[in-house]
Amino acid sequence: MTLSPAELERYARHIVLQDVGGPGQQKLKAARVLVIGAGGLGAPVLQYLAAAGVGTLGVVDDDTVSLSNLQRQVIHDTDQLGEPKVASAAEAIARLNPHVKVEPHPRRIEPMNAMALVSAYDLVIDGSDNFDTRYLVSDACFFAKKPLVTGAVGRFDGSLTLLKPYESAQDGTPNPTYRCLFPEKPAPGALPTCAEAGVLGALTGIVGTLQAMEAIKEIVGFGEGLLGRLLLVDTRGMRFETIRYRWSARNPLNGETPKRYEEVVGQ
């Protein structure tokens with residue numbers, strides 16, 4: 001994964017960083033990242049990963065661009081109303097960085113395709129807007145042994161964390177899963193949707209950009225990731241707090257014999 005003269009100039013501010021440099025930029029160029037959702041969180045994720053030089057970006061989304069999206073989904077614009085979001089995102093990325101390959105997946109991620117989609121990439125970023133998808137993606141990443149950066153937003157608040165439960169902590173215990181952090185899936189309708197409660201557009205930019213930062217750190221291999229830590233963002237008070245969480249013995253993925261994906265998904 002050598003860098004062309006044009007790429008050396010484009011990524012010059014990365015290359016002079018001691019923790020990135022030429023080798024780190026080559027890792028970014030070689031990386032394959034799957035982004036679930038090309039909406040409020042996925043938009044800044046895709047933009048910053050493309051600008052950073054991630055070589056291949058997979059985009060999963062079955063929706064089309066609507067006018068109400070444009071208050072926060074900044075990768076799309078008014079001229080693309082009605083266009084599939086994966087196509088709109090691919091066009092924007094091509095304008096931003098022609099060195100990045102986009103693999104559009106114009107479908108919803110579901111139990112029958114999740115493992116195949118996740119397994120084809122090095123790292124997954126979940127920018128979905130519902131708990132069914134978050135649990136599904138986290139389970140698929142657990143079984144496929146892929147790192148997952150997952151985030152969520154609501155009104156003025158957001159959160160994100162890094163999951164690598166296929167590895168162990170320094171004390172030998174497994175790293176926690178999404179199900180350790182949120183053992184019980186909320187009942188349908190228990191929490192208001194974005195359309196019902198609203199969301200501040202700039203909030204999705206903050207959390208999505210933080211997700212992109214976590215992904216870049218994981219790919220290049222510098223800094224301390226959010227393993228076992230949930231970052232909470234409160235934009236009304238402009239406060240950032242971190243809570244720690246651990247592997248739970250009550251996790252349905254736990255057991256002397258690892259449970260199969262088919263036995264866990266959908267629980």
Inset, instruction - Test Leu70 against the criterion of being surrounded by fewer than 22 Cβ atoms within 10 Å (Cβ to Cβ), free of Cβ contacts under 8 Å to residues at least 24 places away in the same chain and closer than 18 Å to Leu41 by Cβ, and give yes or no. - result: yes
Inset, instruction - Mind telling me which of the residues Ala31, Ala12 ends up being more than 20 Å from Pro84 (Cβ to Cβ) and surrounded by fewer than 22 Cβ atoms within 10 Å (Cβ to Cβ)? - result: Ala12
Inset, instruction - For the range 35-57, name all the residues that are outside any loop (DSSP other than H, G, I, E, B) and either buried (at least 24 other Cβ atoms within 10 Å of the Cβ) or among the hydrophobic types (A, V, I, L, M, F, W, C) (or both). - result: Val35, Ile36, Gly42, Ala43, Val45, Leu46, Leu49, Ala50, Ala51, Ala52, Leu57
Inset, instruction - Look at Ser159 and say whether it is in contact with a strand residue (DSSP E or B) (Cβ under 8 Å, 6 or more places away or on another chain), touching a residue at least 12 places away in the same chain (Cβ under 8 Å), farther than 16 Å from Val59 by Cα and in a helix (DSSP H, G or I). - result: no
Inset, instruction - Looking at (1) crowded, with 21+ Cβ neighbours inside 10 Å; (2) touching a Ser or Thr at 6+ places or on another chain (Cβ under 9 Å); (3) not β-branched (Val, Ile, Thr), find the lone condition where Gln26 falls short. - result: (1)
Inset, instruction - Among what's in the range 227-239 and is exposed (fewer than 12 other Cβ atoms within 10 Å of the Cβ) and not aliphatic (A, V, I, L, M), pick the residue that is nearest to Gln211 (Cα to Cα). - result: Arg239
Inset, instruction - Considering each residue of the range 91-128, count those that are of a type in the set (A, V, I, L, M, F, W, C), closer than 27 Å to Cys194 by Cα and either loosely packed, with under 15 Cβ neighbours inside 10 Å or touching a strand residue (DSSP E or B) at 6+ places or on another chain (Cβ under 8 Å) (or both), and give that number. - result: 8
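Laboratory data are not the source of any read-out in this text; all were calculated from the coordinates shown. Not measured: the values here are computed from a predicted model. Don't worry about glycine lacking a Cβ; one is built from the backbone with ideal geometry, like all the others, and counts go over all protein chains shown.
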